[in-house]
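Enquirer: Below is a structure I'd like to ask you about.
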Amino acid sequence: MIKVLFIGGTGIISSACSRLAVERGMTLYHLNRGQTSRPIPEAVIQLKGDVRDRASYEAALGEHDFDVVVQWVAFTPEHIEQDIEVLRGCTRQYIFISSASAYQTPPASLPVTESTILDNPIWEYSQNKIACEEMLIEAYRQEKFPMTIVRPSHTYDPTLFPTHGGYTVLHRMLEGKPLVVHGDGTSLWTLTHHEDFAVGMVGLFADPRAIGDTFHITSDEWLSWNQIYNYIARAAGVEAKLVHVPSEVIARYDSEWGDGLLGDKTHSMIFDNAKIRRLVPEFNPKISFAEGARQIVAWYQADPVRQVVDAEFDALNDRIIKDYQL
């Protein structure tokens, strides 16, 4: 029986992977602080500890060793350096969750493959992920640290709007208000349902062919941002009113929103998934975003507590639209 540790384990992507790993009979441990609003499979064994506190981290691990350790919450080289030191000799496979935003931005050609150069000159988040990958590759070369790198693209579940602004986007649609959409809304984007991602991810566990290698795991469905907004509106039974604004203009109003656009979402990104399919032939994404949008809208409409409007983002849309249309 495969013994697996998730560092984290209760997020959008990892929660689906937790369910599938348990369904497949793996012995699954979570190492985290035990704070989550997401349901955890009963079979998961909890190791309570704080991965940002090395003493707490090591105490939680105790004398355990694992066939697979998946690091869901590492974002800087310091996090990776600690993992290499703590987990050296304790796991036969270490999987780092990187990001497809680390790929060349904007891409010189499409579709993106795993051999596409890593180069994001804009977004610090992506630059840190690249630095993490470089540290792991060096550890593999120097000491054969058994790393595997996985790069998710934009992965969602019913609780996550794929558009900036969260529930406020749906609120504005229901109120008949216009929404800011970057560029002309025609750049192509890849959205992946977390249940589809989990099939590819769990399929890599304890596979020796994955050691020392990198994979992205994404859907094969490519949508324009206009289509993404319209699918959400259609799921809510309304019409989307879209106002197209250049990403550079949006960035002048909100640097966080702008960094996520200019460093990622402004540019068309589609992926060749041949590599993950060679190792995991059962990987075959089945959940379209039309269905995903219905799940998202239904989840928010099922409970008024979830329907939280971000007044600042709401007002920002109004301000940008007013200024840009003058």
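Every read-out reported here was derived from the displayed coordinates using simple, explicitly stated rules and does not represent laboratory data. The shown structure was predicted, so the numbers you read here are calculated from the model rather than taken from an experiment. When we count neighbours, we look across all protein chains shown, and the Cβ atoms used for this are built from the backbone with ideal geometry, even at glycine.
Enquirer: Name the one entry in ALA210, ALA206, ALA198 that is surrounded by fewer than 20 Cβ atoms within 10 Å (Cβ to Cβ), closer than 30 Å to VAL68 by Cα and among the small types (Gly, Ala, Ser).
Expert: Of ALA210, ALA206, ALA198, the one residue that is surrounded by fewer than 20 Cβ atoms within 10 Å (Cβ to Cβ), closer than 30 Å to VAL68 by Cα and among the small types (Gly, Ala, Ser) is ALA206.
Enquirer: Let me ask you something else. Within the range 293-309, is even one residue closer than 14 Å to HIS182 by Cα and either acidic (Asp, Glu) or outside any loop (DSSP other than H, G, I, E, B) (or both)?
Expert: no
Enquirer: Checking the condition touching a helix residue (DSSP H, G or I) at 6+ places or on another chain (Cβ under 7 Å) and in contact (Cβ under 8 Å) with a residue 60 or more places away in the chain, which residue from GLY185, GLY212 passes?
Expert: Values: GLY185 fails: in contact (Cβ under 8 Å) with a residue 60 or more places away in the chain.
Answer to the check: GLY212.
Enquirer: A further question follows. Which members of the range 135-153 meet the condition of being in contact (Cβ under 8 Å) with a residue 40 or more places away in the chain, under 24 Å from the mean Cα position of the chain (by Cα) and not in a loop (DSSP other than H, G, I, E, B)?
Expert: MET135, LEU136, MET147, THR148, ILE149, VAL150, ARG151, PRO152 - these are the residues of the range 135-153 that are in contact (Cβ under 8 Å) with a residue 40 or more places away in the chain, under 24 Å from the mean Cα position of the chain (by Cα) and not in a loop (DSSP other than H, G, I, E, B).
Enquirer: Only one of (1) surrounded by 19 or more Cβ atoms within 10 Å (Cβ to Cβ); (2) assigned to a loop (DSSP other than H, G, I, E, B) is not met by THR186, so which one is it?
Expert: THR186 satisfies all of (1) surrounded by 19 or more Cβ atoms within 10 Å (Cβ to Cβ); (2) assigned to a loop (DSSP other than H, G, I, E, B) except (1).
Enquirer: Taking the range 70-85, which residues are closer than 22 Å to ALA21 by Cβ and out of contact with any His (no Cβ under 9 Å at 6 or more places or on another chain)? Please lay out each step first, then the result.
Expert: Restricting attention to the range 70-85, the residues satisfying the condition of being closer than 22 Å to ALA21 by Cβ are 70-74, 83.
Scanning the range 70-85 gives VAL70, TRP72, ALA74, ASP83.
Enquirer: Mind checking which residues of the range 249-298 are surrounded by fewer than 17 Cβ atoms within 10 Å (Cβ to Cβ), in contact with a Lys or Arg (Cβ under 9 Å, 6 or more places away or on another chain) and within 23 Å of GLU312 (Cα to Cα)?
Expert: Residue satisfying the conditions is TYR253 alone.
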